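Remarks on the structure that follows.
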Amino acid sequence: MNQKTLVLVIEDEPSIANFISSVLNNHGYKIMSCRTGKEGLTMAASHCPGVILLDLGLPDMEGNEVIRILRERSNIPVIVISARTQETDKIAALDYGADDYITKPFGTGELMARIRTALRHTIHAGNAKSFQSGDFRIDFERHQVLVGEKNIHLTQIEYKIVALLAKNAGKVMTYDRIIKEIWGPYADNNNRILRVNMVNIRRKIEINPTEPKYIFTEIGIGYRMSDED
Ligand code: CA
């Protein structure tokens, strides 16, 4: 299925790099790896990998700087590998355009799920006319939101938030990124209005708003729309 997908691993800790390589090998991916940001950028440019796994703490440069440079040239999905002590860097990485993150230590199942999501996201990206996850559906042309057969009435702001998350389904959208997209680049960097809107959105679309099925909270980071079919 993913026989030919090339994964670039930029990680300087040999134990983690080896673990990732053996897992990916067993799942039929092709792997290239390196231990510095500079090598990583060169390899990304010359080999065009399907996904990049990027450690945030590299010997020669900040992982975030790698993302910033990468994003000037390409949309290759980037999954950040971070340590617990790098929470703030992780959020910055998502703001710079990383697609997802995985926190050390992580297991095989989690790693594979993140890679599948990132790849699916590349395939679905573009100008989709509708979005569907389970019973939840958005028709972007009609600005219509449905749960099952039920037409959901959202305010304009609520609709914009839901549509933004759906267009980036599977991907973590940081609070900051959502706020800038919805309220503009000079918006007050305060999550309160966003949180209030989210409470109302969930009340309208989720069967049980305290256990959401469609829009998940990434605590302290942002929101993620489910991309399960
Ligand atoms: Ca490191």
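Every number here is computed from the coordinates shown, using simple stated rules; none is lab data. All of these numbers come straight from a predicted model, not from anything done at the bench. Heads up, the Cβs are rebuilt from the backbone with ideal geometry, glycines too, and the neighbour counts pull from every protein chain shown.
Got the relative contact order for region 72-195 handy, in percent, Cα pairs under 8 Å and 6 or more residues apart?
Relative contact order comes out at 20 percent.
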With a 27 Å threshold on alpha-carbon distance, the violating pairs from 38/180; 4/171; 30/213 are 38/180; 30/213
How would you rank 215-222, 7-14, highest first, on the average number of other Cβ atoms within 10 Å across their residues?
7-14, 215-222
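Mind sorting 115, 91 by how few other Cβ atoms lie within 10 Å of their own Cβ, fewest first?
Details: 115 25, 91 22.
Going from least to most buried by this count: 91, 115.
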Relative packing of 183-191, 42-50, which averages over residues the other C-beta atoms within 10 Å, highest first
42-50, 183-191
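Once the piece of chain linking residue 62 and residue 25 is laid out straight, how much longer is it, given 0.36 nm per residue of separation minus the C-alpha distance between them? Write down the numbers at each step before the final one.
Details: separation 37, 0.36 × 37 = 13.32 nm, distance 2.73 nm.
Value of the extension gain: 10.6 nm.
Based solely on its DSSP helices, what 222 nm [θ] is calculated for the chain when runs of n ≥ 4 H residues each add -39,500 (n - 2.57) and the sum is averaged over all residues, nearest 500 deg cm²/dmol? Write out the running numbers ahead of the final one.
Details: 8 runs with 97 residues, N = 229.
Computed ellipticity for the chain at 222 nm equals -13000 deg cm²/dmol.
With only Lys, Arg, Asp and Glu charged, each at its Cβ (+1 for the first two, -1 for the last two), find how big the charge dipole of region 117-192 is about the Cα centre; round to the nearest 20 debye. Please report the intermediate quantities before stating the final value.
Values: 11 positive and 8 negative charges, 34 e Å.
Using Cβ point charges on Lys, Arg, Asp and Glu, region 117-192 gives about 160 debye.
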Potential extension, residue 155-residue 75 segment - 0.36 nm per residue separation minus Cα distance
25.7 nm
If each part is reduced to its alpha-carbon centroid, region 82-151 and region 30-73 end up apart, in Å, by 21
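Quick one: grab the alpha carbon gyration tensor of region 1-83, order the square roots of its eigenvalues as a ≥ b ≥ c, and give me rounded if a/c is under 1.5, else prolate or oblate depending on whether a/b is larger than b/c.
Oblate, because a/c is 1.5 or more while a/b does not exceed b/c.
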Using a/c under 1.5 as the rounded threshold, could you call region 144-184 rounded, prolate or oblate? The axes a ≥ b ≥ c are square roots of the C-alpha gyration tensor eigenvalues, and prolate needs a/b larger than b/c, oblate otherwise.
oblate
Which angle from 0 to 90°, rounded to the nearest 10, does the C-alpha axis of helix 192-205 make with the longest principal axis of the chain?
70
How large is the charge dipole for region 1-65, taken about the Cα centre, if only the Cβ atoms of Lys, Arg (+1) and Asp, Glu (-1) carry charge, to the nearest 20 debye?
420
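Report the FRET efficiency, 1/(1 + (r/R0)^6), for residue 113 and residue 196, where r is their Cβ-Cβ distance and R0 is 45 Å, rounded to 0.05. Please list the in-between numbers first.
Details: r = 31 Å, r/R0 = 0.69.
Working from the Cβ atoms, E equals 0.90.
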With everything on Cα atoms, drop me the angle between helix 37-47 and the longest principal axis of the chain, reported from 0 to 90° to the nearest 10.
80
Least to most buried among 55, 229, 135, by other C-beta atoms within 10 Å and fewest first, runs 229, 135, 55
For region 129-187, state which trypsin sites (Lys or Arg not before Pro) are in a DSSP loop and have at most 16 other beta carbons lying within 10 Å of their beta carbon.
129, 142
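Using Cα-Cα distances under 8 Å and only pairs 6 or more residues apart, what relative contact order does the chain have, in percent? Can you show the working numbers first?
Numbers: 355 pairs, mean separation 30.8, N = 229.
Reported relative contact order: 13 percent.
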